[in-house]
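Since the structure comes first, as structure tokens, the remarks are kept for the end.
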Amino acid sequence: MKTLIIGPSWVGDMMMSQSLYRTLKQLDSNNEIDVLAPAWCRALLNKMPEVNQAIAMPLGHGEFAFKKRREIGKSLRNNHYDQAIVLPNSFKSALIPFFAKIPKRTGWKGEMRYGLLNDLRKLDKQAFPLMVERYIALAYPNQIHSASDLPQPLLWPKLNVEQDEITQTLSTFAITQDEPLIGFCPGAEFGPAKRWPDYHYAALADMLAKQHAKILIFGSANDKKIGEQIIAKMSHSDMCINLAGETQLEQVVSLISACKAIVTNDSGLMHVAAALNKPLVALYGPSSPDFTPPLSDKSEIIRLITGYHHRVRKGDTEQGYHQSLINIKPDNVFETLMNLIVRCQKSNE
């Protein structure tokens, strides 16, 4: 059995898609799974033992490029895939498997993909409330009508990182583990409304520094300024390292692996930390954990409002923060984090 996955284009979605790969392997250990996804995804896919090959998608997110998709599809015909599973819901994402002449092409109906997909599923969003459930359901024949029909337990994402990768990356950035490392992931896509305020992160960092912890700030180049703002507001700034924009994704994975725990907004790196089985405190505001929660039994979610306000990109404050996240106080996060670390330590004993 050979399967081609048309993968998602976001870190969090890519991480959750591993649950599908793990399920496919559980159903057929000989299934060769290739994933077509943006080149940056290789850093994650290489750490998923279920994936046979990561194939770089040369087209950018949102780029239609009909002729190029046809060329890519034709180039994949000699791979003789038995099935394609298309995870994005767009029309264009179903073109490559069609042009590759893959016999079975599976996916949710999405943008009117009749003909392009011949194993077309109609999604009942209430029956599958979690994105990970929607991914996993595609591993099974079209007889799974709700999440309750899925075999339990669900196979959550699980990245494999070798100790020598961790050691080498720590050495690259001259980071020692003399003090416990606590990771912060303060960035978020689509504006500041999903971010916990920088001054709250700074206050929490000072509390942790008093407990002899060292803080590592992770994120993309877009998050570098946020990291600088956090350090500027700290009293113990010498205990914090801003790595945002300084690391490759595979290095971030290794550094998160070295951390004792993670504090994060609703973000892609939250899902990476969950897949690394790190104790993590996830802070939610306008976005809801009802659809894409951290898939880990070592996580604690703090959210003070209900509902899903997905169109909110900027809050009412000058910095754009949302009041629901401003209302989550550092003392509360510190206490939750300390209790979580203790609980996880006890469970490991």
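Go through (1) closer than 23 Å to GLU165 by Cα; (2) touching a Gly at 6+ places or on another chain (Cβ under 8 Å) and name the single condition PRO49 misses.
Exception for PRO49: condition (2).
On the given criteria, is GLU111 over 30 Å from GLU246 (Cβ atoms), outside any helix (DSSP H, G or I), open to solvent by 20 Å² or more (accessible area, probe 1.4 Å) and among the acidic types (Asp, Glu)? Explain how you work it out, then say what you get.
Working: over 30 Å from GLU246 (Cβ atoms): yes; outside any helix (DSSP H, G or I): yes; open to solvent by 20 Å² or more (accessible area, probe 1.4 Å): yes; among the acidic types (Asp, Glu): yes.
Judged against the criteria, GLU111 is a match.
Among residues belonging to segment 284-300 that are in contact with a strand residue (DSSP E or B) (Cβ under 8 Å, 6 or more places away or on another chain) and either farther than 16 Å from CYS185 by Cβ or among the hydroxyl-bearing types (Ser, Thr, Tyr) (or both), point out the one that is modelled with the lowest pLDDT.
Checking each candidate, the answer is TYR284.
Output the residue which, of all residues in segment 221-251 that are of a type in the set (Ser, Thr, Tyr) and surrounded by fewer than 19 Cβ atoms within 10 Å (Cβ to Cβ), is nearest to VAL272 (Cα to Cα). Spell out the reasoning first.
Going through segment 221-251, the residues of a type in the set (Ser, Thr, Tyr) turn out to be 235, 237, 247.
When the remaining residues are screened for being surrounded by fewer than 19 Cβ atoms within 10 Å (Cβ to Cβ), the result is 235, 237.
Details: SER235: 29, SER237: 26 Å.
Looking at the filtered set, the residue picked out is SER237.
Kindly indicate whether any position in segment 85-101 is of a type in the set (S, T, N, Q), out of contact with any strand residue (DSSP E or B) (no Cβ under 8 Å at 6 or more places or on another chain) and part of a loop (DSSP other than H, G, I, E, B). Spell out how you get there, then give the answer.
In the first step, residues of segment 85-101 are kept if they are of a type in the set (S, T, N, Q); the result is 89-90, 93.
Checking which are out of contact with any strand residue (DSSP E or B) (no Cβ under 8 Å at 6 or more places or on another chain) leaves us with 90.
Filter once more, keeping what is part of a loop (DSSP other than H, G, I, E, B): 90.
Yes, segment 85-101 has at least one match.
I'm trying to understand the selection: among the residues of segment 188-197, which are touching a helix residue (DSSP H, G or I) at 6+ places or on another chain (Cβ under 9 Å) and either aromatic (Phe, Trp, Tyr) or open to solvent by less than 10 Å² (accessible area, probe 1.4 Å) (or both)?
Hits for segment 188-197 are ALA193, TRP196, PRO197.
Please state which one of MET57, MET112 is in contact with a Leu (Cβ under 6 Å, 6 or more places away or on another chain) and not aromatic (Phe, Trp, Tyr).
On the way: MET112 fails: in contact with a Leu (Cβ under 6 Å, 6 or more places away or on another chain).
Within the list MET57, MET112, the selection yields MET57.
How about segment 58-82: which of its residues are modelled with pLDDT of 95 or more, open to solvent by 20 Å² or more (accessible area, probe 1.4 Å) and not in a helix (DSSP H, G or I)?
Hits for segment 58-82 are HIS80, ASP82.
Return a yes/no flag: does segment 116-123 have any residue that is closer than 21 Å to PRO38 by Cβ, among the basic types (Lys, Arg), open to solvent by 80 Å² or more (accessible area, probe 1.4 Å) and out of contact with any Cys (no Cβ under 6 Å at 6 or more places or on another chain).
No, every residue in segment 116-123 fails to be closer than 21 Å to PRO38 by Cβ, among the basic types (Lys, Arg), open to solvent by 80 Å² or more (accessible area, probe 1.4 Å) and out of contact with any Cys (no Cβ under 6 Å at 6 or more places or on another chain).
Looking at segment 254-300, which of its residues are under 11 Å from the mean Cα position of the chain (by Cα) and not in a loop (DSSP other than H, G, I, E, B)?
GLY268, LEU269, MET270, HIS271, VAL272, ALA273, ALA274, ALA275
Of these, LEU280, LEU243, which one is hydrophobic (A, V, I, L, M, F, W, C), at pLDDT 95 or above and in contact with a Ser or Thr (Cβ under 7 Å, 6 or more places away or on another chain)? Write out each step before concluding.
On the way: LEU243 fails: in contact with a Ser or Thr (Cβ under 7 Å, 6 or more places away or on another chain).
Result: LEU280 is the single residue among LEU280, LEU243 that is hydrophobic (A, V, I, L, M, F, W, C), at pLDDT 95 or above and in contact with a Ser or Thr (Cβ under 7 Å, 6 or more places away or on another chain).
Looking at segment 301-326, which of the residues that are open to solvent by less than 100 Å² (accessible area, probe 1.4 Å), in a loop (DSSP other than H, G, I, E, B) and over 13 Å from ALA193 (Cα atoms) is modelled with the lowest pLDDT?
Among those residues, the one meeting the criterion is GLY307.
Please go through (1) among the hydrophobic types (A, V, I, L, M, F, W, C); (2) closer than 22 Å to GLY12 by Cα; (3) assigned to a helix (DSSP H, G or I) for ALA127 and return the number of the only condition it doesn't satisfy.
The single condition ALA127 does not satisfy is (3).
Let me confirm something: among ILE182, ILE256, ILE230, ILE226, which residue is in contact with a Pro (Cβ under 7 Å, 6 or more places away or on another chain) and within 27 Å of PHE291 (Cα to Cα)? Explain how you work it out, then say what you get.
Details: ILE182 fails: in contact with a Pro (Cβ under 7 Å, 6 or more places away or on another chain); ILE256 fails: in contact with a Pro (Cβ under 7 Å, 6 or more places away or on another chain); ILE230 fails: within 27 Å of PHE291 (Cα to Cα).
Being in contact with a Pro (Cβ under 7 Å, 6 or more places away or on another chain) and within 27 Å of PHE291 (Cα to Cα) holds for just one of ILE182, ILE256, ILE230, ILE226, which is ILE226.
Exactly one condition in (1) touching a residue at least 12 places away in the same chain (Cβ under 8 Å); (2) out of contact with any Ser or Thr (no Cβ under 6 Å at 6 or more places or on another chain); (3) open to solvent by 20 Å² or more (accessible area, probe 1.4 Å) is not met by GLN143; state its number.
Going through (1) touching a residue at least 12 places away in the same chain (Cβ under 8 Å); (2) out of contact with any Ser or Thr (no Cβ under 6 Å at 6 or more places or on another chain); (3) open to solvent by 20 Å² or more (accessible area, probe 1.4 Å) one by one, GLN143 breaks only (1).
Kindly provide the set of residues from segment 16-46 that are outside any helix (DSSP H, G or I) and open to solvent by less than 20 Å² (accessible area, probe 1.4 Å), ordered by number. Before you say what the answer is, go through the steps one by one.
Filtering segment 16-46 down to residues outside any helix (DSSP H, G or I) leaves 28-38, 46.
Passing the criteria: ASN31, ILE33, ASP34, VAL35, LEU36, ALA37.
The values are calculated or read from the model by the stated rules, or taken from the named source; none is laboratory data. Just so you know, these numbers come straight off a predicted model, no measurement behind them. Note that each Cβ is placed from the backbone with ideal geometry, even for glycine, and that neighbours are counted across all protein chains shown. Protein only, heavy atoms only, side chains kept; ligands, DNA and RNA dropped before computing areas. Shrake-Rupley method; radii C 1.70, N 1.55, O 1.52, S 1.80 Å.
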